[in-house]
Every structure is written in C-alpha cells, then in structure tokens.
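Notes follow once the structure below has been shown.
The values are calculated or read from the model by the stated rules, or taken from the named source; none is laboratory data. Because the structure is a prediction, the values reported are computed rather than measured. Neighbour counts are summed over all protein chains in view; Cβ atoms, including those assigned to glycine, are modelled from backbone coordinates with ideal geometry. Surface accessibility is based on the protein's heavy atoms, side chains included, excluding ligands, DNA and RNA. Shrake-Rupley method; radii C 1.70, N 1.55, O 1.52, S 1.80 Å.
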Amino acid sequence: MKARGISSTEAAILGLLRLDERSGYDLNKMVRGSVGYFWSPAQSQIYAILPRLVETGFAVRRGVRQAKRPDKQVYRITKRGEAALDAWLNDPETERAAAKNPFLLKLFLGEFMSRDAVVALIRKARAEAATELAELEQIRPDTDAHPYDGLVLEWGLVRARAFVRWADGAIKELETRAPSTR
C-alpha cells in the first residue's frame, strides 16, 4: 500500500491505540477523560475511522468474546500505523484549527440581542469554563509515564482561567451599560 498522510483525528486515534489496544467504546471513554479537553471528535467519527485504519494497514482488529456483555472489537496500532503517526508527529506543519465557535459568533452578533441575553450567554459560557477549570485542577498527570501531559494540562488551565477572567470583566462592563432596546 502507498504511504499517505493522516488527519489529526486519525493521528489522535492512533496515538491512543499506541498506548494500548482499545475498542471504539474505550476510545470514546478515554477521549472524554483526557484529550477531549482539546480534541473532541463525534463518537460516530471514531467508529467510522477505525475500519479505515484497518483497511490502510495502520491498525488491526480482533474480536473479544465477553460472557456478560456483547462481544466487542478491539484495535491495536501496527508498525505501519506507528510509522504514519511518527511521520505526522515529526512534521512541523500542523493543520489550522477549525475556527467554528458558536459562542463567539453569537457575541459578534450581540448587537441584535438584548444586553440581558448577551450577559446570559457570557454567564453560561463562564460557568462551563469554570466547570472545566475545576475538572482540570483535579487532574494529576503522570509525567514519568507521559512527560508532556503536564504541558497540555497547563495550557488547558491557562486557557480556562483566562476565559473566566475575561467573562468576569465582560459581564461587569455590560452591566454598567444602559440596557439595550432589543
């Protein structure tokens, strides 16, 4: 098979498979508890990519019989998959992050909303950021086993703290303005 580049989603799945073999369910669960703070594919996307990784020779699949649950398929990265992941990791070029942020779009169009609606929008986003911050503050990365997890965690903490600070300032500023007529 001809070598090809891989997407960031494929790289993320291969990276998680490099840690240990996993089922699609296990991958989804791991995403929610770790990389989901900065990379979050749809569950269906993971299930769609796994067979493609097998077809390209980047992963292998095996069935696992379970006594009390339905049988499952587990996936393991192959040497070819490791080579593709290594090539992706060592390429200094990264694809530009998708700039789709419904919160910022609504804020940008906030002139068509009442001031109270804009404040409510910011308060909700602030609460979500504060919840994420609290979750991140509970994580204790095993930097002996995974030396860069601490750097990723620190990025998440800085980003969440900055958003909370920004939201507090934005709410204060908006509350001092006269209410809009919308």
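Side notes on the structure shown:
- Measuring with a 1.4 angstrom probe and ignoring ligands and nucleic acids, Y47 comes out at about 100 Å² accessible.
- The chain: angle of helix 8-19 to the longest principal axis, Cα-based, in degrees nearest 10: 60
- Separation of the range 49-98 from the range 133-162 is 25 Å, based on Cα centroids.
- Using a Förster distance of 41 Å, the FRET efficiency for Q73-M113 (Cβ separation, nearest 0.05): 0.30
- Relative contact order for the chain: 20 percent, from Cα pairs under 8 Å spaced at least 6 residues apart, divided by residue count.
- Simple spin-label estimate for Q45 and K29 gives 2.2 nm between the two label positions (7 Å along the Cα-to-Cβ direction from each Cα).
- In nm, spacing of pseudo-spin labels at D91 and T9 (7 Å Cα→C-beta vector): 1.7
- Set of lysines with alpha-carbon distance to K29 below 20 Å, sequence-local pairs under 8 removed: K68, K72
- Residue-averaged 222 nm ellipticity for the chain, from DSSP H runs of 4+ at -39500 (n - 2.57), nearest 500: -19000 deg cm²/dmol
- The alpha carbon gyration tensor of the range 9-86 gives principal lengths a ≥ b ≥ c with a/c of 1.5 or higher and a/b no greater than b/c, which makes the shape oblate.
- From phi via Karplus (6.51, -1.76, 1.60), per-residue ³J(HN,Hα) for the range 51-57 in Hz, x at Gly/Pro: x, 5, 5, 5, 4, 7, x
- Residues listed by number, the range 59-86, amide nitrogen under 18 Å from R18 label point at 7 Å toward C-beta: 59-60, 75-86
- Modelled FRET efficiency - R0 22 Å, W155 with E82, Cβ distances, 0.05 increments: 0.30
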